[in-house]
Amino acid sequence: MCNFIKTELDGVFVVELLPVFDPRGGFERVYCKKEFLHAGLDADFVQINHSFNTRAGTFRGFHYQVPPASESKLIRCVVGKAYDVVVDLRAGSPTFLKWIGVELDDRKGRMIYIPEGCAHGFITLTDNTQLIYHHTGYYTPECEAGVSFLDPRIGVQLPREIAVISDKDRGFPALSSHFAGIDTGGTSKMKCRFCANELNYEFVDLVNAPPSNSFLTSAELMSPEVFYPLKLYFCEKCFLVQIDEHKKSNEIFSSDYLYFSSYSTSWLAHAKKYVERMIERFGFDRTSLVVEIASNDGYLLQYFKERAIPCVGIEPSAGTAKVAREKGIETVEVFFGKSTAVDFAKARRKADLIIGNNVLAHVPDINDFVGGIPLLLADRGIVTMEFPHLMQMVEQTQFDTIYHEHFSYLSFLTVSAIFARHGLAIFDVEELPTHGGSLRVFARHAKDESKPVSAAVERLLSRERSFGMNKITYYEGFQEKVVKIKLDLLRALIDARSAGKTTVGYGAAAKGNTLINYCGIKKDLLRYVVDASPHKQGRFLPGSHIPVVHEDNIRRTKPDYVLILPWNIRHEIVEQLGYIREWGGKFVVAIPQLTLI
Ligand SMILES: [Zn+2]
């Protein structure tokens, strides 16, 4: 028989043994499955370990194992005396980061029961102290973790100084300020989209937002709007920054999707230049086959077509696919993935060039997407992908590139790992100014050695490492930078309004919506937003209900300030709207920091 005594930490028990003595000595039952179950402790022990500690003041800890190897422990001191400490690291626990200490010795007959998700350590109070641990999980080195006994957020106080400690235990880091706790099954935690590791760390929380491309009609302003959580996590194993899973992605990708690539002149010039350079460098001709994934309205393939190079677009959005076909560009209306790739290769042939611009970050299942590429790629074929570079996003605080359709935020390190997993090798990389700083990677089958790996690849990998992109600390502090941008922008808008000046916006894209909704800006601070796309004019921004209008309004209302929302093309916009100088108008850009132009 034993007594289970509750502690301040839910699920942590002091287990009091009740020995029976007679002239021979004593006898006590240390573990009985039924009794433990009766106390609500479903402990199936699979390992028993014994620790010997020569000197008083020996410290071991704080140790824990992360899922899937998280474990419960039952600790008993069998010789000498120790001060045993438990730290609550469970996500969502009301006592998260609280700790308790319990004295265990070989006389009192006390043990301590520690549930999954708690860290454990002890300091010995006598020479020759021995403890026995029962574990419900196997020791799993890749799931082993530790936290520093000096972590100020936990503030453990030991009853004596540490005399002996291993280098490993001394080297454990303090918990990151972004550590959200260990999932112990109470909440169903999201898993990394690439490596399936549990996501324990928040990168940034923008709280919630409506779907960023759902521009509203005036009738829709009268109806309630749905907001979805907008929060990013990062994986501490592969460093993929990724959006929280939400179930209603079908609603977010409505057929109303209003993005037409061809409305941006600088983007068209970028596409044209790419096509010319690819033909020049790799010699594509009439015998080649070019496939673009997410080919949109044919903004890029039209330039291959001009050069009489056979090309096919893959584009799931019906509206944009139709526009592409009107330009004479063959377009298959499907989502790209492994099965699509197999079907395509069977029905036609494998591609000499596969292009994916601004799609890699937008696919929910990145393994199925990248896994499809080698299935569609000819033996000597080339893949190029462009995507916004996470390093630029962090360095420039480009948090407005976060929206629901943007699932992954990619470093070169992470993309290299994802490609390698699927049998692709990146042999070249270029840094582009598009979207505030993008990467264009060139890949091939890993076994195709006809294209050597350029020095640029290792150069960028080591630059990312030197920035610390392979370390947890790099991803910290982003939220604070985001808050600062919000405060600065709101202060400027409020000051302008208080002084009787007017501010309007330019560029009703997803970027602007993230910024406006996160900052809580409405039309009292930003009277209207101008956009060149006739599909958006006459509608209203989701969430903020700011009207989207034609540029004529700027000439007519002569605003004092024009807030440029797509900061990545600010030079183009400043030039285009240069006439606001006539009445003393100024341009404002909020990112990477508030700037008046
Ligand atoms: Zn991962």
Q | Formal net charge of residues neighbouring Thr95 (Cβ-Cβ distance under 14 Å; K, R +1; D, E -1) | A | +1
Q | Average Cα contact separation per residue, the chain, under 8 Å, 6 or more apart, as relative contact order % | A | 10
Q) From a point 7 Å beyond the Cα of Lys481 in the direction of its Cβ, which residues of the stretch 397-421 have a backbone N at a distance under 12 Å? A) 397-400
Q: Could you calculate the contour length gain from Glu582 to Lys501, that is, 0.36 nm times the residue separation minus the distance between their Cα atoms, to one decimal place in nm?
A: 27.6 nm
Q: For Asp552 paired with Ala347, estimate the spin-label separation in nm (one decimal), with each label point 7 Å from Cα along the Cα-to-Cβ line.
A: 4.4
Q: For an R0 of 35 angstrom, estimate the FRET efficiency from the Cβ-Cβ distance between Leu594 and Arg463 and round to the nearest 0.05.
A: 0.80
Q: Kindly list the residues of the stretch 79-93 that lie in the label zone of Asp10, defined by a backbone N under 12 Å from the point 7 Å along the Cα-to-C-beta vector.
A: 90-93
(Q) Can you find, among Phe215, Ser177, Pro159, the residue sitting farthest towards the positive end of the charge dipole of the chain, where Lys and Arg contribute +1 and Asp and Glu -1 at Cβ? (A) Phe215
Q) Where the only charges are on Cβ atoms (+1 Lys, Arg; -1 Asp, Glu), what is the dipole of the chain about its Cα centre, to the nearest 20 debye? A) 660
**Q.** Contact order normalised by residue count of the stretch 475-546, Cα under 8 Å, 6+ apart, percent
**A.** 31
**Q.** Extension gain (nm, one decimal) between Asp365 and Ile494, 0.36 nm per residue minus Cα-Cα
**A.** 42.3 nm
Q.
Helix 455-467 against the longest principal axis of the chain: what's the angle in degrees, Cα atoms only, rounded to the nearest 10?
A. 50
Q) Tell me, what is the FRET efficiency for Glu449 and Glu572 to the nearest 0.05, using R0 = 35 angstrom and their Cβ-Cβ distance as r? A) 0.25
(Q) Just to be sure I understand the model, the point goes 7 Å from the Cα along the line to the Cβ. What's the resulting Asp205 to Arg380 distance in nm? (A) 5.5
Q: Round to the nearest 10 and give me the degree value, 0 to 90, for the angle of helix 510-519's Cα axis relative to the longest principal axis of the chain.
A: 50
Q | 13 Å beta-carbon shell around Glu35, net charge (K/R +1, D/E -1) | A | 0
Q: List, in the order given, every pair from Lys511/Lys558; Lys98/Lys191; Lys522/Lys558; Lys273/Lys338; Lys481/Lys523 whose Cα-Cα distance in the structure shown is over 22 Å.
A: Lys511/Lys558; Lys98/Lys191; Lys273/Lys338; Lys481/Lys523
Q. In nm², what is the average projected area of the convex hull enclosing the Cα atoms of the chain?
A. 33.9
Q.
Going 7 Å from the Cα of Lys322 along its beta-carbon direction, which residues of the stretch 277-308 have the amide nitrogen within less than 16 Å of the resulting point?
A. 296-298
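Bear in mind that the values in this text are calculations on the coordinates, not laboratory data. What you see is a predicted model; the values in this text were computed from it and never measured. Neighbour counts are summed over all protein chains in view; Cβ atoms, including those assigned to glycine, are modelled from backbone coordinates with ideal geometry.
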